[in-house]
1. Can you pull out the chymotrypsin sites (Phe, Trp or Tyr not before Pro) in segment 128-171 whose DSSP state is coil and whose Cβ has at most 12 other Cβ atoms within 10 Å?
2. So what's the angle, to the nearest 10 degrees on a 0 to 90 scale, between helix 72-83 and the longest Cα principal axis of the chain?
3. With 10 angstrom as the radius, rank Ser138, Ser156 by how many other C-beta atoms surround their C-beta, starting from the fewest.
4. Give the calculated FRET efficiency between Arg167 and Glu213 to the nearest 0.05, with a Förster radius of 30 Å applied to their Cβ-Cβ distance.
5. Given N residues in the chain, what is Rg(Cα) / (2.2 N^0.38 Å)?
6. Scan segment 113-186 for GluC sites (Glu not before Pro) in coil per DSSP, keeping those whose Cβ has at most 14 other Cβ atoms within 10 Å, and list them by number.
7. Using 5 Å bins from zero, what percent of all Cα-Cα pairs in segment 173-247 falls into each bin?
8. Suppose each label sits 7 Å from its Cα in the direction of the beta carbon; what would the Met38-Lys106 distance come out to in nanometres?
Amino acid sequence: MKKLVILAAAASLLLSGCSTMFGENYRSRALDYDFSEMELIQLEEPEEGRLTAVIQTSMGDMIAVLYPEYAPKTVDNFVNRAKDGYYDNTDIFMVFQGAYAATGSKSKDGSTGASNDGQLIENEYTPKLWPFKGALCSLSSTIGYGDSRYMILNTSEFTEEADEEMRKPKNADGEQIFPDELIKAWKEHGAIPGMSGFFTVFGQIVGGMDVLEEIMAVPTADETYAPLEEIIVYHVEITEFSKDMAD
């Protein structure tokens, strides 16, 4: 399935700058960011009242704060699908090699999605949100767009080779593109750097990280990466953040 090829390729990427896996010369949009505007908002304590989703699964609850100011169309679609019950009793249809879990489809194989108007949502890129461990990233079967489907990220393994790859992209002046501050944060907090600039980051897990880690450890089918035992998303509740929600 095209969907599976796209997701598997994304998980294996480091920040090489482009990916022929996604089509001829498909570049990470992160390579063009103005890094003077970079922030690491996901590492900050959320403010009281921030829009929040409680993802209730058969393995426990995960609490994610949402970022409508940076991904308004994606968050609006996610919130509306949660409120209209679209996510109720859906599957986590893929757990890819401990790197991420994918859900948000009414189809058991994850082949379909939904949106407010039935159209795909163009990705919303920003240097303020990054693919840290626990990030929510939108996806669809079409590169550059999302719908109701989304990934919850775990982390890559940070080897010396990976460190070299993260520092390899250079700008026109030969300067390292990705700041040391960002690379250090990826390594300290966990991330899948290769997803930077390929998907919309629209939320961050702040409670229930142990549930995410348990999900990442489940055995999966060899070809589809579907969990061998069903993991169900019972409901996604939209609420407001309070400090007692965080780990």
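1. Working: sites: Phe132, Tyr145, Tyr150, Phe158; in loops: Phe158.
Sites meeting the loop and neighbour criteria: none at all.
2. Approximately 20 degrees, to the nearest 10.
3. On the way: Ser138 28, Ser156 24.
Lowest count first: Ser156, Ser138.
4. 0.60
5. On the way: Rg = 16.9 Å, N = 247, 2.2 N^0.38 = 17.9 Å.
Computed over Cα atoms of the chain, the ratio equals 0.95.
6. Working: sites: Glu122, Glu124, Glu157, Glu160, Glu161, Glu164, Glu165, Glu175, Glu181; in loops: Glu124, Glu157, Glu175.
Passing sites in segment 113-186 are Glu157, Glu175.
7. 3, 9, 13, 18, 19, 17, 10, 6, 3, 1, 0
8. 4.2 nm
Throughout, read-outs are computed from the coordinates displayed, never taken from laboratory work. Computed from a predicted model, the values in this text were never measured in an experiment. Note that we place each Cβ from the backbone using ideal geometry, even for glycine, and neighbour counts take in every protein chain shown.
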